[in-house]
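Values in this text are rule-based calculations from the coordinates and carry no lab data. All of these numbers come straight from a predicted model, not from anything done at the bench. A quick note on method: Cβ atoms are made from the backbone with ideal geometry, for glycine too, and the neighbour counts reach across all protein chains shown.
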Ligand SMILES: [Zn+2]
Ligand SMILES: [Zn+2]
């Protein structure tokens with residue numbers, strides 16, 4: 001008798017993991033039926049015909065709701081990964097374009113791949129006469145650009161291009177800005193942190209320029225599920241009264257969820273089999289069993305390592321399959337990307353390993369399994385990655401825990417993990433550095449006047465004054481009347497931005513405006529949206545002379561210092577020389593079996609106190625600090641077991657930046673418990689080790705409070721800070737200027753302490769391990785650390801309401 005294969009390609013694998021305990025928790029989602037409604041008859045007849053051509057007979061309920069809302073107000077849609085979100089903003093756009101032949105729409109995508117995908121989707125309605133989409137980004141040939149500016153009525157671009165290539169030249173985009181009806185911001189949740197704070201500046205500039213051309217713009221946003229969609233929409237755009245569409249009417253597949261923890265190899269030191277090794281084996285198994293997989297890793301380094309391990313594994317058992325897995329990430333040329341996408345769609349490629357869901361377009365074919373290796377930082381992105389599995393109505397979604405503190409914290413609380421609400425997306429558009437950068441860019445686009453409070457908020461003038469002090473802006477009184485203000489190359493004649501900014505109600509001697517001090521400046525060129533610093537270092541392969549890529553200048557000292565191992569497209573390189581003067585790193589192919597971790601020295605200086613409160617027996621402060629960092633050397637570690645090979649010293653200059661931080665000062669009463677023999681003195685090593693471990697634990701659990709990654713946060717603990725005069729722990733935003741992470745942590749400090757104590761108290765290790773107090777990014781290479789001391793300090797803080805140090809030990 002022939003048994004028909006009714007089990008899934010992953011059934012055997014799951015059964016085995018259940019038996020040997022690696023499967024910490026399993027759960028099922030779905031299936032859920034679709035809720036369908038009729039297509040609204042008010043849509044333009046051409047749109048109705050287009051829907052028919054595209055084979056769409058009815059709408060999911062949320063799509064119809066989104067359309068109705070878009071006709072009324074700013075709207076954000078936050079339904080699931082494959083729920084047909086695009087139609088939510090495509091319908092009102094198509095309707096606007098079919099109803100008014102002059103109307104224009106602007107679509108913003110964070111990546112090129114997504115813009116390309118959306119351009120294809122728009123073409124599917126067969127409305128080629130009414131709807132003329134065009135991608136305008138860095139890859140658009142120069143000679144095609146003029147035609148796009150004239151002809152295209154849907155311009156698909158990214159925030160960077162809008163910022164540096166479109167807004168400053170708004171005069172040559174007159175048709176777009178004069179008739180701009182709809183702005184679509186897809187994947188809005190990506191715009192958080194530094195990038196989000198910048199994009200908030202760019203969008204304010206966009207709305208300002210559009211208003212100057214007399215356009216009344218409707219902004220439509222789509223986002224993955226986050227805790228604060230309306231707030232995100234308001235912060236990104238500065239607009240109020242945002243409509244929220246979050247009741248998903250699309251069908252959900254039946255998805256099996258597996259939480260996977262690699263087995264312990266040494267309980268005392270908390271060592272587990274590496275998540276990479278575990279994932280490689282798991283993927284090899286899935287590929288062999290016929291599943292099409294996507295695997296997400298946090299770091300590029302991880303992607304390259306995992307791809308190599310997986311290929312080697314398959315090479316041993318199934319050489320043919322080894323050719324059918326590939327890494328995929330930013331940094332590839334458009335041709336390489338498209339080739340990989342095509343192979344994935346055809347099914348020829350069985351597994352692709354990538355850093356981020358966004359690296360891929362939407363249209364990547366049906367995938368059976370989505371494997372997420374180590375916690376991606378937020379539940380929101382984890383859910384989005386898992387959403388890739390089950391396009392045929394069934395799928396497997398796996399989370400492989402790493403040794404990192406949060407991962408193991410979740411494995412001890414699997415139910416809490418699976419039921420965790422998604423996080424809030426945090427950005428701070430008023431972060432002084434970023435806000436001022438965009439005011440400067442805006443001044444190029446047209447003089448800044450009192451009406452700009454509408455776009456830049458009530459504090460814009462204080463920031464403008466700061467730019468005057470810095471010698472970048474100057475004040476000018478406009479003569480009245482002022483038909484056009486020709487400041488900056490970008491302001492066109494005719495309908496100039498100056499018209500609306502000149503202040504027609506201004507009395508007497510005319511309105512005061514801010515203009516660039518040096519009109520020939522082009523401020524947008526100096527502002528990178530992706531990082532707080534515009535500088536980058538080139539990475540050059542000395543064996544071939546080839547330019548491999550770029551790295552941010554701010555990170556160059558720690559990533560491409562002399563001797564660093566740098567991974568690029570599946571290959572390792574060793575840095576032969578970091579050439580600071582010419583801003584480049586010279587690298588050569590490398591075959592060794594180690595990686596490198598930098599050793600850093602950090603100092604913080606308090607620059608400005610913004611807020612302070614007494615809580616848990618400590619003085620807790622929030623404010624601006626300057627962080628000075630010196631990369632002192634690096635540790636070489638073996639790939640296989642992370643054992644240290646050696647420590648090499650470097651001689652690099654220090655770098656520094658200003659940012660936001662919280663800090664708390666611990667007094668004698670809080671620290672009494674560290675006095676082991678009760679003689680009234682606390683050994684220095686115990687004190688430093690305890691504070692350092694508290695700092696690490698708090699940084700580890702901070703992402704539970706704010707949507708960020710521990711790599712976004714820095715810390716410093718000291719027995720004696722010169723400005724506070726005593727033992728102090730600092731936790732700072734890792735990005736120049738700060739982006740609101742530590743403000744959130746300041747407000748929820750008590751929670752931060754509670755979570756940190758749980759993290760440490762529940763870890764089964766004896767004296768500290770990577771799953772509790774050790775940090776993979778510690779610039780001190782995790783020295784000194786005291787797990788027990790940290791527990792004493794945190795317990796003391798948390799019992800401090802009736803503060804009696806003797807009681808709790
Ligand atoms: Zn531990
Ligand atoms: Zn540390």
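On a full-extension model of 0.36 nm per residue, what is the gain between residue 266 and residue 544, subtracting their alpha-carbon distance, rounded to one decimal in nm?
Stretched out fully, the residue 266 to residue 544 stretch lengthens by 95.7 nm.
According to a simple spin-label model (label point 7 Å from Cα along Cα-to-Cβ), what is the distance in nm between residue 577 and residue 465?
5.1 nm
Quick one: divide the alpha-carbon radius of gyration of segment 192-313 by 2.2 N^0.38 Å and tell me what you get.
Rounded to two decimals, the normalised Rg is 1.65.
Show me the three semi-axes of the equivalent ellipsoid for segment 607-724, from the C-alpha gyration tensor (sqrt of 5 times each eigenvalue), largest first, rounded to whole Å.
For segment 607-724, the semi-axes come out at 27, 22, 16 Å.
Fewest first, what order do 355, 630 take by the number of other Cβ atoms within 10 Å?
Ascending number of Cβ neighbours within 10 Å: 630, 355.
Based on DSSP H runs of at least 4 residues, each adding -39500 (n - 2.57), what is the mean residue ellipticity at 222 nm of the chain after dividing by all its residues, to the nearest 500 deg cm²/dmol?
Helix contribution divided over all residues of the chain: -10000 deg cm²/dmol.
Please compute the alpha carbon radius of gyration of segment 189-252, then divide it by the globular-protein estimate 2.2 N^0.38 Å. Two decimals is fine.
In units of the globular-protein estimate, segment 189-252 measures up at 1.25.
Under 8 Å for C-alpha pairs, at least 6 residues apart: give me the relative contact order for the chain, rounded to a whole percent.
11 percent
Tell me, what is the percent relative contact order of segment 1-137, built from C-alpha pairs under 8 Å that lie six or more residues apart?
The value is 21 percent.
Binning at 5 angstrom from zero up to the longest distance, how are the C-alpha pair distances of segment 754-795 distributed in percent?
Over segment 754-795, the share of Cα pairs per 5 Å bin runs 5, 25, 34, 24, 11, 1 percent.
Treat segment 150-262 as a sphere of radius equal to its Kirkwood radius over Cα pairs and apply Stokes-Einstein at 20 °C in a medium of 1.002 mPa s; give the translational diffusion coefficient in µm²/s, rounded to a whole number.
Rounded to a whole number, D works out at 134 µm²/s.
Which distance in nm do the two modelled labels at residue 799 and residue 418 give, with both placed 7 Å along the Cα-to-Cβ direction?
A separation of 3.6 nm, rounded to one decimal place.
How long are the three semi-axes of the equivalent ellipsoid of the chain, in whole Å, if each is the root of 5 times an eigenvalue of the C-alpha gyration tensor, listed from largest down?
With the √(5λ) rule applied to the chain, the semi-axes are 43, 37, 26 Å.
Place the peptides 774-784, 248-258, 739-749 in order of packing, highest mean first, counting for every residue the other Cβ atoms within 10 Å and averaging per peptide.
739-749, 248-258, 774-784
Based on the inverse mean of 1/r over its pairs of different Cα atoms, what is the Kirkwood hydrodynamic radius of segment 16-169, in Å?
About 17.7 Å, per the Kirkwood formula over Cα pairs.
Considering just Cα atoms, how many Å³ per residue does the convex hull of segment 1-89 enclose?
168 Å³
Quick check: convex hull of the Cα atoms in segment 351-468, volume per residue, rounded to a whole Å³?
In segment 351-468, the Cα hull volume divided by residue count equals 190 Å³.
Relative contact order (percent) for segment 197-313, with alpha-carbon contacts under 8 angstrom and 6 or more residues of separation?
Relative contact order here is 16 percent.
Which of the peptides 700-706, 369-375, 173-179, 539-545 is most tightly packed, and how do the rest follow, going by the mean number of other Cβ atoms within 10 Å of each residue?
Packing proxy ranking, top to bottom: 369-375, 700-706, 173-179, 539-545.
Per residue, what volume in Å³ does the Cα convex hull of segment 703-776 take up?
Convex hull of Cα atoms, per residue: 118 Å³.
Which FRET efficiency value, to the nearest 0.05, is calculated for residue 27 and residue 608 with the Förster distance at 41 angstrom and r the Cβ-Cβ distance?
0.30
How far is it, in nm, from the label point at residue 11 to the one at residue 669 when both lie 7 Å from their Cα along the line to the Cβ?
It works out to 6.5 nm between the two label points.
By per-residue mean of other Cβ atoms within 10 Å, what is the highest-first order of 607-615, 33-41?
Ranking the peptides 607-615, 33-41 by packing returns 33-41, 607-615.
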